[in-house]
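For reference, the structure discussed in these notes is given below.
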Amino acid sequence: MFKVIKLKRILIVLVALVLAAAVIVAVVLSVRGGSAENAFSPLPKRTIVIDAGHGGQDPGVTGIRTGVKESDLNLMTARVLSEIFLSAGYRAVQTRYDEESTVEGAFDKTADMAARREVIRNAAPDAVISIHMNKYEDTSRRGVQVFYTTEASRELALNIQKHLNQTMNMPTLGKEFDPIHGDYYIADNGDIPSVIVECAFLSNPIDESLILSADYRLRLASEIEVAVARHLKASV
């Protein structure tokens, strides 16, 4: 009896995942004009590593209004982004797939970051997208910002930031950002274009409310995929 119940639960979960993927595909098509030709990249299968920042005993920053953990929002956004890339014909690899950190036992930040770097190295990706949430002492600060470290990542960072300025920042803020260069471990992957996308300022109640919306996360993830696809197509 237990096995039958367990099997039913597994089937229900599988059906739910299939339906969720179908919904994502439908929404992505809708966002991009209803055409599969417009929606999905015609590139041969390429690999994208999607890093959901923080996790486990490292929650990251928290929401100013709800106290939501950055690590949870990073994971939810990364999962949607991964589904969109998979639906578009890419191979999508995540550095973590659940709420825990990337290493077992007592949390060790150095080991956690090294484990993420190992996932990237083993995947040999065409690009790395690390998902994070922002925080600033000035609670009026809002928007989506892109960060990068290496010269190999500069063009990807510029292209993603430009696209997100047009589709996310200008419509909601009326302003644009430049990508920010700095020394970021997860974005330092040699010749592999790697960026950090800070999806919202959790120190701002409006941004916090937006990123808590599944619809907003889907729209943002969709626009990130568009920017990455265009970049890779142009760099062939």
Leu220 - would you say it is outside any loop (DSSP other than H, G, I, E, B), more than 22 Å from Ser71 (Cα to Cα) and either in contact with a Gly (Cβ under 8 Å, 6 or more places away or on another chain) or among the aliphatic types (A, V, I, L, M) (or both)? no
Of everything in segment 65-115 that's assigned to a loop (DSSP other than H, G, I, E, B) and among the acidic types (Asp, Glu), which residue is modelled with the lowest pLDDT? Glu104
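So that you can scan it fast, the table gives a plain yes or no per residue for (1) of a type in the set (Val, Ile, Thr); (2) without any contact (Cβ under 8 Å) to a residue 12 or more places away in the chain; (3) out of contact with any Leu (no Cβ under 9 Å at 6 or more places or on another chain):
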| residue | (1), (2), (3) |
| --- | --- |
| Met133 | no, no, no |
| Thr139 | yes, no, yes |
| Val144 | yes, no, no |
| Ser153 | no, no, yes |
| Met168 | no, no, no |
| Lys175 | no, no, yes |
| Pro205 | no, no, yes |
| Ser209 | no, no, yes |
Are any of the residues in segment 97-113 among the polar types (S, T, N, Q) and closer than 14 Å to Asp51 by Cα? yes
What single numbered condition from (1) assigned to a loop (DSSP other than H, G, I, E, B); (2) buried (at least 21 other Cβ atoms within 10 Å of the Cβ); (3) modelled with pLDDT of 95 or more fails to hold for Phe177? (2)
When you look at Gly174, is it in contact with a strand residue (DSSP E or B) (Cβ under 8 Å, 6 or more places away or on another chain) and not basic (Lys, Arg), yes or no? no
Just to be sure before I move on: is Ala127 among the small types (Gly, Ala, Ser), surrounded by 14 or more Cβ atoms within 10 Å (Cβ to Cβ) and touching a residue at least 24 places away in the same chain (Cβ under 8 Å) in the structure I sent? yes
For segment 122-144, state whether one or more residues are assigned by TED's automatic domain parsing to the domain that holds Cys199, farther than 19 Å from His54 by Cβ and in a helix (DSSP H, G or I). yes
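The values are calculated or read from the model by the stated rules, or taken from the named source; none is laboratory data. Note that the structure is predicted; figures quoted are calculated from it, not measured. Every residue, glycine as well, gets a Cβ built from its backbone with ideal geometry; the counts of neighbours run over all protein chains shown.
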